[in-house]
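Notes follow the structure.
The values are calculated or read from the model by the stated rules, or taken from the named source; none is laboratory data. Everything numeric in this text was worked out from a predicted model, so none of it was measured. FYI the Cβ positions are ideal-geometry reconstructions off the backbone, even for glycines, and counts take in every protein chain you see.
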Amino acid sequence: MARPKILIIYTGGTIGMIEDPNTHSLKPFDFTHLIDNVPKIRKLDYEIDNIQFHPPIDSSNMDTERWIEIAANIADNYAEYDGFVVLHGTDTMAYTASALSFMLENLHKPVIITGSQLPIGEVRTDGEENLITALQIAAATDSHGDPMVQEVAILFEDYLWRGNRSTKMSADYFNAFKSNNYPYLAKIGLDIQFYKDRLLRNNAHRPLKVQYNMDRNIMLFSIFPGMTESTLRHALNTPDIKGIVLRTYGAGNAPTYDWFIKAIHEAVERGIVIINVTQCVNGGVNTERYVTGCAMSEAGVISGGDITIEAATTKLMYLFGMGLDSEQVKNYLNCSLSGEVTI
Ligand code: ASP
């Protein structure tokens, strides 16, 4: 049997950082330093190659161009490798995972994103274990010899999560990620226990298709008690804006003041697509439950159901990036494209 062939794409993040001797703050460092700190990797009987960002970045500096770079690296090497491991900072990892899940259409191979809370050079680092487990997941096959994971997923500490369902939950703990509305895809213990019925299965005969355009004219707006009409109107009148993720209360509720509904309705009439996503970490939008939710639907706001803000934001970027008009975008928001929402 051929050895599994895995490509590591190192973008940066805490996992490969070192301390700046002057400021004592952590800054990204190169891949050789990272890999030298994981000698155990040689015990895996895999063929491992790598590509690294020049320079590696803190993921707070992640943007659409970098997503395109990661997607292109995967597409260019797709036929040659069995799986891909993306090393990434935790701060925007869930956005990248969501974006890639849309950009990489018909994905049939694993794209496992991981990083760590402590740099790999530190004694108590979580990076070594995360990297090794991510490589093992990227190499895992099912009883037919097909890739076990055929989607973009985040591996962190004890769990494998669907990428576009994940959110960073903790700045302190090793189990930093969670998908609040979808169960884990695998549990990491003595063995890696996969839950096959939760994993996405794409048609293996369809070739990988990559969407390289992500439209950045998207906004995230959180409502809050005491918000003024001028703040809201200012946001809704942002030049060139095409889509807004509106973060509402509870089950998708928002104020029913006349000025609020009128401003939202006018924006919808101008062709801006507004998707309703709850501020709650768990559960989703059900606008029929309260009058304050019904008003949102009547104003033309699309329900985001149980989608995360990361997935909603990147889905709008992806759909507008395809050149779709507002009505087409709204139709796609009501569908699950890669397991990001419960329909
Ligand atoms: N600021 C870091 C980053 O996102 C945090 C981390 O990697 O955990 O790049």
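Scanning the stretch 215-266 for residues that are closer than 30 Å to Arg66 by Cβ, part of a helix (DSSP H, G or I) and touching a strand residue (DSSP E or B) at 6+ places or on another chain (Cβ under 9 Å) yields Ala235, Leu236.
Count of the stretch 1-20 residues, restricted to those that are assigned to a strand (DSSP E or B), among the hydrophobic types (A, V, I, L, M, F, W, C) and at pLDDT below 95, is 2.
Of everything in the stretch 10-33 that is among the charged types (D, E, K, R) and under 25 Å from the mean Cα position of the chain (by Cα), the residue that is surrounded by the most Cβ atoms within 10 Å (Cβ to Cβ) is Asp30. Scan the stretch 48-60 for residues that are of a type outside the set (Ser, Thr, Tyr) and either loosely packed, with under 15 Cβ neighbours inside 10 Å or part of a loop (DSSP other than H, G, I, E, B) (or both) and report the count. Final tally of qualifying residues: 4. Residue by residue through the stretch 28-79, note down the ones that are farther than 19 Å from Ser98 by Cα, aliphatic (A, V, I, L, M) and away from the ligand (no atom under 14 Å from the Cβ). Hits for the stretch 28-79 are Ile35, Val38, Ile41, Leu44, Ile48, Ile51, Ala79.
Considering Ala94, Ala138, the condition of being within 16 Å of the ligand (Cβ to nearest atom), modelled with pLDDT of 95 or more, in contact with a Lys or Arg (Cβ under 9 Å, 6 or more places away or on another chain) and at negative phi is satisfied by Ala94 alone. One residue alone among Leu26, Leu34 is within 17 Å of Gly121 (Cα to Cα) and in contact with a helix residue (DSSP H, G or I) (Cβ under 6 Å, 6 or more places away or on another chain), and that residue is Leu34.
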